[in-house]
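S.K.: Before we start, here is the structure in question, set down as structure tokens.
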Amino acid sequence: MITRKTLTFDHPLLRDLEHPCFEARGAHDGPRLTLMAGVHGCEYSSIAAATRFMRELDTAELSGTIVALPIASLESFRRRSPFVVPIDGKNLNRSFPGDPDGGYTDALAAAILQTLIAPADAVIDLHGGDMVESLEPFAIYESDESEALAQAFGLPYVTRAKAPSGMTCSAAGGPAIIAEAGGIGQLEEAAVELLVDGTRNALRHLGMLPGGAEPRSVTTLGEHRFVNGVRGGWWETAVATGASVREGESLGVIKDLFGDVVETVASPQDGVVLWQTTSPAVGENGLLLGLA
């Protein structure tokens, strides 16, 4: 049986939020899984994937329980605010475990942790490139016990976050991953299908759906690393998302608004470009791309 309900939080900063939420109880005993999306509210393919997965789920085949929250950051979604929560400008996916005595985003992270992440035996958090972000599909994990789940999800790349990351997968007590597909503010059918299919395969790995996890071609990379510019201005990339780069290779340049190059951004390591900022407008210490 799948129940649709509205999830609310008691915290005074969050009481006006009404999150659409699914709860599926399987015909057989099994683990409790939390499925989330919309931690970044403009990553539309991930939101669509969480909703589609729950609408297509056959609970007669399910062992255990799934609680699904398709839009974790409602204010980011409603106001089309990429990366950060518009109330206080903080990134929800860098704010875990949160703080109930802090501001809006810290309180939201703490409420999600207490209500959804802590009670779960496993967590899958669906993401994708935000409004100004192109992305190569990948899964990211933080703890040793989460690596097998990331591999089973079956996206082309798997990488490890530097702990503690402040992401949802950092806050969980059991296996937890972030799975990313899609980008640049688009609702992409191919990305939705990748995330729905990966979620099904991950549930087979967990024994929540029948049959073993289907083998997928996955490349395991090293630690995920962020690359920032120093100067603000006009960003022009020199590499494609998904490209392999060498340490010291130019990743692009930042120009001033007269068009003069003020900074050449070099790769800090060998790796694969998993995502990058597609907007030319960047601020000082602006986030440009991610390598692993």
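All of the numbers you see were taken from the coordinates with simple rules; none came from a lab. This one's a predicted model, so the numbers in the text were calculated from it and none came from an experiment. So basically every Cβ, Gly included, is an ideal-geometry build from the backbone, and we count neighbours across all protein chains shown.
S.K.: How large is the charge dipole for region 174-292, taken about the Cα centre, if only the Cβ atoms of Lys, Arg (+1) and Asp, Glu (-1) carry charge, to the nearest 20 debye?
M.R.: 320 debye
S.K.: Here's a follow-up. Net charge around T3, counting only other residues with Cβ within less than 11 Å of its Cβ (Lys, Arg = +1; Asp, Glu = -1)?
M.R.: Spelling it out: positives minus negatives among the neighbours equals +2.
S.K.: If you don't mind, another one. Give me the percent of DSSP beta bridges within the chain that run antiparallel, rounded to the nearest 5. All intermediate terms of the calculation are to be shown ahead of the outcome.
M.R.: Values: 38 of 60 bridges.
Around 65 percent antiparallel, to the nearest 5.
S.K.: A further question follows. Hey, can you rank 241-250, 171-180 by average C-beta count inside 10 Å, highest first?
M.R.: 171-180, 241-250
S.K.: Going by alpha carbons, how many degrees (0 to 90, nearest 10) lie between the helix axis of 189-205 and the longest principal axis of the chain?
M.R.: So the inclination is approximately 50 degrees.
S.K.: Turning to a different aspect of this structure: Work out the length of the dipole vector of the chain about its Cα centre, built from +1 on the beta-carbon of each Lys and Arg and -1 on the beta-carbon of each Asp and Glu, and round it to the nearest 20 debye.
M.R.: Here the size comes out at about 420 debye.
S.K.: Using only alpha carbon pairs under 8 Å that are at least six residues apart, calculate the relative contact order of region 129-222 and give it in whole percent.
M.R.: It comes to 37 percent, rounded to a whole number.
S.K.: Only Cα pairs under 8 Å and at least 6 apart count here; give the relative contact order of the chain as a rounded whole percent.
M.R.: This gives 16 percent for the chain.
S.K.: Something else now. Could you work out how far apart the two model spin labels at N228 and A240 are, taking each label as a point 7 Å from the Cα in the direction of the beta carbon, and quote it in nm?
M.R.: In this crude spin-label approximation the distance works out to 3.0 nm.
S.K.: Counting Lys +1, Arg +1, Asp -1, Glu -1, what net charge surrounds A122 among other residues with beta carbon under 12 Å of its beta carbon?
M.R.: -2
S.K.: Taking the Cα centre of region 142-292 as the origin and placing charges on Cβ (Lys, Arg +1; Asp, Glu -1), which of V158, A171, L195 is farthest toward the positive end of the dipole?
M.R.: Of V158, A171, L195, it is A171.
S.K.: Can you compute the charge dipole magnitude of region 224-291 about its Cα centre, using +1 on each Lys and Arg Cβ and -1 on each Asp and Glu Cβ, nothing else charged? Give it in debye, rounded to the nearest 20.
M.R.: 160 debye
S.K.: So in region 100-217, what percent of DSSP beta bridges are antiparallel if you round to the nearest 5?
M.R.: 30 percent
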